[in-house]
Amino acid sequence: MTGSLDFLLLLSVVGVPLAALLAPSVVGRWLLVLLYVVQLVELALLGSGDGARSAVSFSLLGHSVGWQLDALGWFFAMITVAAAGFSAAYAAGEWGTLNARAGLSLRWLYVGLQVNVFAMLVLLAAGDMVALFIGWELTSWAGLLLMLLAGGEAIAAARRYIVYAIAGGMMVLGGLLMTLAAAGSLQFDAVAAAIPTVGTSALWAITLLFVLGFSVKMATMPFHLWQAPAYAFSPAPASAFLGAISARMGLFAIALVAIKLIGIVQLDRLYLYFDALNLRNLLAWVAVFTAILPTFVAMKQNDARLLLGWHGVGQGGYMLLGLVMADSLGSAGGLLHVFNHATYQAILLMAVFAVIHRTGTADLNRLGGLVARMPLSFLAMLIGIIGLAGLPPMNGFVSKWMIYRALILEGQPLLFVATVISTLGTVLSVYKLLHNTFLGQLRLEHETVKEAPWSMTIPMLVLCVVVFVTGVAPGLVLEYVAAAQQALGLAPVAFILGGIDSPAGTLDMIWVTAILLAGFGIGAVLFYLMGGRSRRVHQLDNYAGGHFLTADVRYQYSDNFYAGLMHRIRPWYRGSFAWAEEALVSTFGAIATAARGFFEQANPAHWVLVGTTLITTWVMWHALV
Amino acid sequence: MTTQIGLVFFIAAIGLCVIGIGGIVLSRNLFRMVLALAIAEAGANLLLVLAGYRWDAVAPILSAGQMPAPMVDPVPQAMVLTAIVIGVGVQALALTLVVRVKQRYGTLDMQLARERMNAEIDATADVTPPRSQERPRGERPLPAPAGGAHD
Amino acid sequence: MTDLTLAVALPLLAAFVRPLFNAGALRWLGQLIGPVVLALVTVILFAHWSTFSEPFAIALGGFAPPLGIAFYVDRMALLFALAVPLVTLLLWPGDDGADGARRQSLTLLLAASLTGLALSGDLFNLYVFYELAAVASYGLVAGNGSSAGYVAAFRYLMISALGSVVGLLGIGLVYFKTGTLNLAELATLGNELADPQGLAAFAMLAIGFGVKAEMFPVNGWVPEVYGAASRRVAALLAGLASKLAVLVIVRILLLMFPSDEARQLLLVLGILGVVSGELAAYQARDMARMLGWSSIGQLGIVFIAFSLPGEAGLVAGVAAALHHLVVKSALFVLAGPWGGAIDRLRGAATVSALGAGLFVLFALSLLGLPPLPGFWSKFLVIGGLADAGTALHYLGMAAVLTGTVIEGAYLLRVITTLYAPPAGSPAPPRQRGSDLLTAGLFGIALLAAAVMIDPLWQTLDALAVSGVDTAAYQQTVLAAQEAHP
Amino acid sequence: MIWLALVVVALTLGAAVAVLLLDNLLAATAAASAVSLGVAVIFVLLHAPDVAMTEAVVGAGLSGLILALALRRLGLARLDVGPGGGRNDA
Amino acid sequence: MRNIATLLFLGGLAFLLIVITGSLDFGAPPMRIGTQIQAATAGDVGTANIVTAVVLGYRGLDTLGELSILFAAATAGGLVLGSAAARARPDGGFILRAGADLMFPLLLIAGLYIVIHGHLTPGGGFQGGVILAAAFFLPLLARPGTTPGHRWLMWIEGLSGATFIVIGLLALYRGDAFLTPLFDHGTLGELVSGGSLPLLYLAVGLKVGAELAGLLMRLAQDDEVTS
């Protein structure tokens, strides 16, 4: 029984009022989670490759606006609905009741979540460019809805986000209408056919407007300042959902427009003076810097949510890098990284919010030693950071390996070195996150802390299983990534269940995991069976330096974690981008006051006289010449 | 010689307009602006009537049923008739406003009137004007000027 | 008895007799005159709109057009003429007493003159109706009794009267060169007006009619007047009167000066208007003046739209004008109690949720959130600019796009203040019922337009086709000569 | 004919300039009336009797009357011009 | 500094206007509609004074607009100055009172004459109306105490404005366009000629007279405290 796109869209539209009705009660929230499951099943039934077309189509202003879900859109839609489902489940239980009492309006939260899902489905299933833009604007504004809920500093972050989002939206609108002027119609095939006939300068303008507009949401380099605070300070499920997938809508749109509509051949027509400096290389370097800088900024953060937010920005750089390679391996790595990042980012955010739920704080300098109290959260965060750092058993490794391999094959050694530096930054900051939260000395006030409630731990653990399984057998996901590549017109990657089997390089994660587990197995055997007797000691029973240490003595300081490293690289943190943004805003304020000066004329009719003279002279001179 | 007189009348019309406009823009006294406005309007009306003038033509009045001689164009005269009365209507309204401004703000100087108007709009909207010299809002008082209060 | 000239004559008659109904028993009858007449005029105009087949001309006084004054009625004129009584009815000043009667008769005069501006096909007649609208608005601005109102009205009077002098010079020039005032005959004399003097006349006429249309150099009066006048008067002026003034300039552009230099002048002035309006609105800190500057920015966009050549320009212009008419009038009505400092509105959403919700709806439509009509009007404007394709049009596109971003910045600043937790000390002001009703009606109109956007677009397209066709204009108006000898 | 026109135009322009330069507002009002009278005479020269009559009656007559009444209401209707009096008082 | 800039712009404007009007051919206007109107006036409108024919006949709507502008100005003036209680001012001197008594009837007759003969000789509703306004205002100037009520002035104003429009509507009622001159033209040059135009001018005269008299009275009143 093949599902229908209309039913899916209808389901998500009906979900909005349903969410408003059911959100306050616990049972209602679980029903909403069920609704997400149904949407997921409906989406699965739709099938990846057969491009289900929706019957609903309008003719607006002479353009026919319709919806069609191709493999690329299907891939992103699956991740979106799944992420929404997990976030909804995460907040359905005790987290919801506790925070509702603390003043958060659950009704608006669930409505916001559902509106976001609907907006993203409208974007992902766009059948032509007008529908694409409608989905794009709806997604930007829906994101604002979720960010405004938490109040306090979230409002300022949300306001900053929406100004960026409107700027991005306007750039996209400008690009859209220049394509309309060039191509005469906004249907995908008509645009794709007309692009080769467009002059290079017009093509430069169109591509730049589209890519810059879409990369505002992707938070690539020049526009990366808004994303970390905006996603970090929204409430837990919203932050998990936004962190996981919302920024990737930008990647979907760039893939759709830059690769599918404009195409690689046309993109390579755009170069500055000599061939090496073409647009794709520039984008690759922007992506790499987007990967490097945020990870090192993340290292400096003391708030766990901000640290993960900055990582979200960094990982975005990876995906864009993979996509811009536009060969079979690299783009597959980029698209797979979207899936992988969605999973482990959701786990990490959920784990951090579980810690906040129990201890009330996310400040890494005032946490520590929770491994005994919250073992399941520790396990989830451990698996999450292994995935984020890109270490073998987890799925993060597979997509990073594919991107690295593609970089080497494409002959880009400098890019490869830069990506390794960013991975270094990731590993360091991720370890700081794990250590300061779970390892080290337990704080007095956290002694009575219990494990997070089941309603929060189950989604985390399920996601951990997903991360592990797709780590071991990436072929499950690569199948749909290949279909998405075909939808984009790229060469699909040759994948097997364990990973990649292509002349360009083989990776079989099943063997890699087997060897790893064998290694751990030998270690475990040696440790447990053959080693001497080890005595379990209570976490607070410590002896150091010749005398017993009671719990209130601080003998293990975790704040200012990387003091030594920070001391060396502190001069690099000049915060030049934040300063640039601040300078832009203040000059803007000055210009605005100057514009007001124009209206502050002492005698009113001054401008009438000046205006008459200037305009008449200009018009007459114009007519004469 | 004939186009000479045309030039004279054009000079008159343009002169009146320019003096009127100059009067409005340059003068600081509200009353004088109203006077200057009347002059500007007289200049514009004069130009309109000039548009209808014909050489050796007579006033557009039919005597004994038919045209005694070639007549001047009546349409601009009708227009100017309306424009003059509009001018006086606007002038009367302007003067009532001037009287009220003098009564409420006690001044006829455009500069002062504008400042008091902006102050009143800011006050009703309870917004501090952009470059206000009033005391800064914080609690800590400004440090006393160095060297004791000698000013 | 459903002749279109009633749409101008009846409100004038009502305005003349309104002050008489102030004594004793006739007082309540006086209250009714205004709304009844406006409703009757709306019905007449709607009847004409629905049974409209092809444009026709009415020769006033029975004298054939080039000699007498002609009303030209095509779809565009009817649409704007229909909007006038409808919006005036919505923004009707309901107060009582002698001053109330005077305010009501001034509003009726404003309505009559705006309908006249929409329908008239004679240059000097447009000037007279424009002057009537101007004097009525001086009275309305000075009418709310505040001292600031008097100074603002005086300054507005000075700018507008000086603009009218320049306009009169323009009309004098046109009459000097062509000897006629009827727009249709002027359209036939296109080549005589194409030389530098003709364009100078256009510049003067544009400035003359531009004062009320908040055109760039002559809109210095906007922040003071909208800050000092009462909000319903500001809504009438910003929403309605400015559109009709723009329509007059567009008629002159289309019929008398169809040259590129004239279009380029409007485009440049539009761009400067958008930039100066939006920038000044960004730094405004009280709602009334912010909306004033924002209306300058929006009207800059309307000017840019109308400056585009051919049908696309007309469709985009009328769409942008109608959208701004609905949204700005509603925002000014909402700015009634909320007109003060923006940071005093902290937490106002908790006090009146519907008011805040409507404000968000109008702000989103201004910013161009897709399903709302604001998006489609922006789509048409920028689409036209992209099609035109010269460097100046790209500059215009950049101006409109950055204008929207700036608008987003300050509108969101207001929205987040509305929904922030209340500061507690002075309770945020509540919305009045009547204001909410008016703003609600505008909101319903906006949503209805959002739902049936396509039929609306088809009517606008038909309107643009007949609007651009000046040959038909000349033919119908001058043909009326044979009809009434 | 041309000399008459020249004289009248010169007088009118002179009166117009006087309106702006005279300190005493009452004198300025008189100058304004003189201007509209001059314009009325020019209208007569241009064979526009209707307009001339309107300009004379409305411009010189009524507007002069309204301006004088307004001056009286403003309290500035003083013939004696003190030093800097009436120029532009605070 | 600002004044210098303004003077420069004024000079620029003057030069501009001179350049523009320089090339206009003075004295030979194209008169596209002027000649036709001069020829057609006797037949269509039947008034000796062609300007009146244009003002009330061909461009009747302009005059209606003009009338409502004056009404708007007066109403706005009333709105601004309001009906402040007038402070009793001392009566004018003997000369003023005697002169006023003598002039009042003369002015009244002159005004009415000009209004009634509007369609024959130069002059008409506006000019006569202004003289009537001066006539109504003169006694008040002489004896400020005796304030003839605004009431009947307002009633004259309202009714005469209404008659102007009603005459226009009558034409509409008969099927012609709005403001078509009614009745037959009578013999040109006679007092009773030109159809309904003299009536229109009478209405205009009365309305302008009453309106401006009201405005003058309001301006003449003193506020409670002369600041």
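Please treat every number below as a calculation from the coordinates, not as lab data. What you are looking at is a predicted structure, and each value in this text was computed from that prediction instead of being measured. All Cβ positions, glycine included, derive from the backbone under ideal geometry; neighbour counts span all protein chains shown.
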Practice problem: Can you pull the one-decimal nm distance between simple spin-label points at residue A:107 and residue A:409, each 7 Å off the Cα toward Cβ? | Solution: 5.4
Quiz item: Say R0 is 41 Å: what FRET efficiency, to the nearest 0.05, do residue A:517 and residue C:343 get from their beta-carbon distance?
Solution: 0.10
Quiz item: Dividing the alpha-carbon radius of gyration of chain C by 2.2 N^0.38 Å (N being the number of residues), what value is obtained?
Solution: 0.93
Self-check item: Highest-first arrangement of C:244-256, A:91-103, where packing means the average Cβ count within 10 Å
Solution: C:244-256, A:91-103
Quiz item: Dividing the convex hull volume of the Cα atoms of the stretch B:1-125 by its residue count, what figure in Å³ per residue is obtained?
Solution: 123
Self-check item: Rounded tilt (10° steps) of A:475-488 against the dominant C-alpha axis of chain A
Solution: 10
Quiz item: Over the C-alpha atoms of the stretch C:37-110, what are the Rg and the largest Cα-to-Cα span, Dmax, in Å?
Solution: 15.5, 45
Quiz item: How high is the FRET efficiency from residue E:184 to residue C:479, r the C-beta distance, R0 30 Å, rounded to 0.05?
Solution: 0.55
Quiz item: Under the definition of partner shielding as Cβ atoms of other protein chains within 10 Å of a residue Cβ, what is the mean value for peptide A:483-489?
Solution: 0
Quiz item: What ranking, highest mean first, results for peptides C:386-397, A:426-437 when packing means the other Cβ atoms within 10 Å averaged over each residue?
Solution: A:426-437, C:386-397
Self-check item: Student exercise, the protein assembly as shown dipole from Lys, Arg, Asp, Glu Cβ charges, in Debye to nearest 20
Solution: 4140
Self-check item: Ordering of C:54-64, A:191-201, C:78-88 by packing [mean C-beta count within 10 Å, highest first]
Solution: C:78-88, C:54-64, A:191-201
Exercise. Set Lys and Arg Cβ to +1 and Asp and Glu Cβ to -1, take the dipole of the protein assembly as shown about its Cα centre, and tell me which of D:64, A:229, D:24 lies farthest positive.
Key: A:229
Exercise. With runs of 4+ DSSP H residues as the only contributors, calculate the mean residue ellipticity of the protein assembly as shown at 222 nm using -39,500 (n - 2.57) per run, divided by the residue total and rounded to the nearest 500.
Key: -23000 deg cm²/dmol
Self-check item: Where labels lie 7 Å past Cα in the beta-carbon direction, separation of residue A:444 and residue E:23 in nm
Solution: 9.5
Quiz item: Is any helix in chain E, taking whole DSSP H runs, at least 24 angstrom long along its axis by alpha carbon and on average at least 0.5 on the Kyte-Doolittle scale, and which ones?
Solution: E:2-22, E:60-81, E:94-116, E:125-142, E:150-173, E:197-220
Exercise. Return the ratio Rg/(2.2 N^0.38 Å) for chain A, where Rg is computed over Cα atoms only.
Key: 1.04
Practice problem: May I ask you to derive the FRET efficiency for residue C:394 and residue E:7 from their Cβ-Cβ distance with R0 = 51 Å, giving the value to the nearest 0.05? | Solution: 0.85
Self-check item: Too-long pairs where the Cα-Cα distance tops 30 Å, listed order kept, from C:328/E:207; A:217/A:300; B:102/C:243; A:400/A:432; C:177/C:328; B:102/C:212
Solution: C:328/E:207; B:102/C:243; C:177/C:328
Quiz item: What distance in nm separates the simple spin-label points at residue B:28 and residue A:598, each placed 7 Å from Cα in the Cβ direction?
Solution: 2.7
Quiz item: Other chains near E:39-51: what is the mean number of their Cβ atoms within 10 Å of each residue's Cβ?
Solution: 5
Exercise. For the stretch A:285-507, state what percent of all Cα-Cα pairs lands in each successive 10 Å bin, counting from 0 Å until the bin that includes the largest distance.
Key: 9, 34, 32, 17, 7, 1
Self-check item: Cα centroid of the stretch C:219-233 to Cα centroid of the stretch A:335-412, whole Å
Solution: 57
Self-check item: Backbone N under 20 Å from the residue A:556 label point (7 Å along Cα→Cβ), restricted to the stretch A:427-448
Solution: A:428-448
Self-check item: Pairwise centroid distance, computed over Cα atoms, of the stretch A:515-573 with the stretch E:118-167, Å
Solution: 104
Quiz item: Over the Cα atoms of the stretch A:31-171, what is the Rg over Rh ratio if Rh follows Kirkwood?
Solution: 1.02
Quiz item: Which whole-number percent of Cα pairs in the stretch D:2-74 have a distance greater than 20 Å?
Solution: 31
Self-check item: Average other protein chain Cβ within 10 Å of Cβ, residues A:52-64
Solution: 2
Quiz item: If you find the alpha carbon centre of the stretch A:1-68 and of the stretch C:167-184, how far apart are they in angstrom?
Solution: 63
Quiz item: What Rg and what Dmax come out for chain E when only alpha-carbon atoms are used, in angstroms?
Solution: 22.2, 65
Exercise. Name the residue farthest towards the positive end of the dipole of the protein assembly as shown from the options A:478, A:154, A:413, assuming +1 on Cβ of Lys and Arg, -1 on Cβ of Asp and Glu, about the Cα centre.
Key: A:154
Quiz item: Rounded to two decimals, what ratio of Rg to Rh does the protein assembly as shown give with C-alpha atoms and a Kirkwood Rh?
Solution: 1.07
Exercise. Note down the net charge around residue C:249, summing +1 for each Lys or Arg and -1 for each Asp or Glu among other residues with Cβ under 14 Å from its Cβ.
Key: +3
Quiz item: Which order results if A:497, C:322 are arranged by neighbouring Cβ count within 10 Å, fewest first?
Solution: A:497, C:322
Quiz item: So who's got an amide H within less than 5 Å of the one on residue E:196, skipping anything under 5 residues away but keeping other chains? H placed 1.01 Å off N, in plane.
Solution: E:182
Self-check item: Proximal aspartates and glutamates relative to residue A:450, as straight alpha-carbon distance under 16 Å, when same-chain residues fewer than 8 apart are discounted
Solution: A:94
